[in-house]
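Reviewing the structure listed below.
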Amino acid sequence: MRAQGERVRMTGSSATLPGFTVVVPSLDHGRFIDATLESLLCQDYPDLEILVMDGGSRDDTLDRLRRYGGRIAWASEPDAGQADAIAKGFARATKPWLTWLNSDDVHANRALWAVAEAIARHPEAEIVYGKGHYIDADGAYLRDYPTIEAGPDAEMGALMFAKGYLPQPSVYFARRAYERAGGIDRSLRYVMDYELWTRFALARMKFVMVGHDISGNRWHADAKTVSNLGELYAEAIAVQRRHFGKVSPYFVQAVSDHLFQARRGERSGGGDQLFWRWLYFKRAWLRLNARRPGYCLRGLVLETIAKSGPVVGDRLGAREWLQGLGEAVLGRQPRH
């Protein structure tokens, strides 16, 4: 990871740098918003527009925003949710490249300069994205954000279906791409980012990757993606059905593991629990993909779970399955 203060080297004058608009949707995040804004301003990028779209905060957010004077623009008014605030911000944007940075997330490692460098190297780029990481409420590193590492000829539509992980604060897109895709879906509450990336990919827009970490995604108890995982998964499944007509093994396991943990009060353990997680997965697969009989049948026969969770790599093997079956038969039955 590049050090926080190191500037990405750029050639050419500031007049040739791409202009960026960063929309910051905000609601009652006074304790985080200074870190968010400072992570942008400290980069000293010469063509940056910051638009804070506040939904009517009742904490000290507005007092904090006033302290920035003309370095940012902001508005505070009721909205219909995060996606609506983002869409209203983009409608006010004046720069050719766009992103949003949630008011509890941060940029890292001179992100704006890294994206500008990628655009200079790849003028055909329409979406530029980097890696990211999770941070806790105090800003301490937790873990890397799983990220699709796509080559120049990657089929992004297939990758978005299979996994779909792009760290939202690390994704920039050209205004022309955003407008051609039809903008953000204001009806979504949780996966508006994934749904937009999917439309970009299915329209065969050009994705370019920055090879290092450029954002911190805050993971804390009050974050809606932490406290409402069931609703998030339901929305993701609806998006997959809308765009692909089926649900990928990754999202089926995310749902089945979530249900297993909610009903059992635990996520993993001995071989018997691997077996019961596998059984939950198969039941979820049948329910979620019944509309596509051929795909559903193939998955019932061929798909299995990843032992550590819905990730690619550590698939449950036949020997472990048989061992788990034996432990499940001889041991306790699952609680419902």
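The values are calculated or read from the model by the stated rules, or taken from the named source; none is laboratory data. Treat the numbers as computed from the prediction; the structure is a model and nothing was measured. Every residue, glycine among them, receives a Cβ derived from its backbone with ideal geometry; neighbour counts consider all protein chains shown.
General remarks:
- Of all residues in the range 88-108, those being of a type in the set (Phe, Trp, Tyr) and assigned to a strand (DSSP E or B) number 2.
- Any hit, the range 200-218, residues being of a type outside the set (Val, Ile, Thr), without any contact (Cβ under 8 Å) to a residue 24 or more places away in the chain and out of contact with any helix residue (DSSP H, G or I) (no Cβ under 8 Å at 6 or more places or on another chain): no
- Subset of the range 162-197 [hydrophobic (A, V, I, L, M, F, W, C) and either surrounded by 21 or more Cβ atoms within 10 Å (Cβ to Cβ) or at pLDDT 95 or above (or both)]: LEU166, VAL171, PHE173, ALA174, ALA177, ALA181, ILE184, LEU188, VAL191, MET192, LEU196, TRP197
- Tabulated pairs, the range 125-140, first assigned by TED's automatic domain parsing to the domain that holds LEU101, second of a type in the set (Asp, Glu) and at pLDDT below 95, C-beta under 8 angstrom, 6+ apart or interchain: LYS131/ASP144; GLY132/ASP144; HIS133/ASP144; TYR134/ASP144
Here's the yes/no breakdown for (1) more than 16 Å from TRP113 (Cβ to Cβ); (2) in contact with a strand residue (DSSP E or B) (Cβ under 6 Å, 6 or more places away or on another chain):
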site	(1), (2)
ALA35	yes, yes
SER39	no, yes
ARG64	yes, no
SER76	yes, yes
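- Count of the range 254-290 residues, restricted to those that are among the basic types (Lys, Arg) and modelled with pLDDT under 95, is 4.
- Test: residue in the range 231-245 that is under 19 Å from GLU155 (Cβ atoms) and either modelled with pLDDT under 95 or part of a loop (DSSP other than H, G, I, E, B) (or both): yes
- Any chance GLY216 is part of a strand (DSSP E or B), in contact with a Phe, Trp or Tyr (Cβ under 8 Å, 6 or more places away or on another chain) and either buried (at least 21 other Cβ atoms within 10 Å of the Cβ) or of a type outside the set (A, V, I, L, M, F, W, C) (or both): yes
- ALA158 out of contact with any Lys or Arg (no Cβ under 7 Å at 6 or more places or on another chain), at negative phi, surrounded by 15 or more Cβ atoms within 10 Å (Cβ to Cβ) and aliphatic (A, V, I, L, M): no
- If you filter the range 61-87 down to residues that are assigned to a strand (DSSP E or B) and in contact with a helix residue (DSSP H, G or I) (Cβ under 7 Å, 6 or more places away or on another chain), you find that the one that is nearest to TYR178 (Cα to Cα) is TRP74.
- Single condition GLU179 does not satisfy, out of (1) in the same structural domain as ILE33 (by TED's automatic domain parsing); (2) touching a helix residue (DSSP H, G or I) at 6+ places or on another chain (Cβ under 7 Å); (3) part of a helix (DSSP H, G or I): (2)
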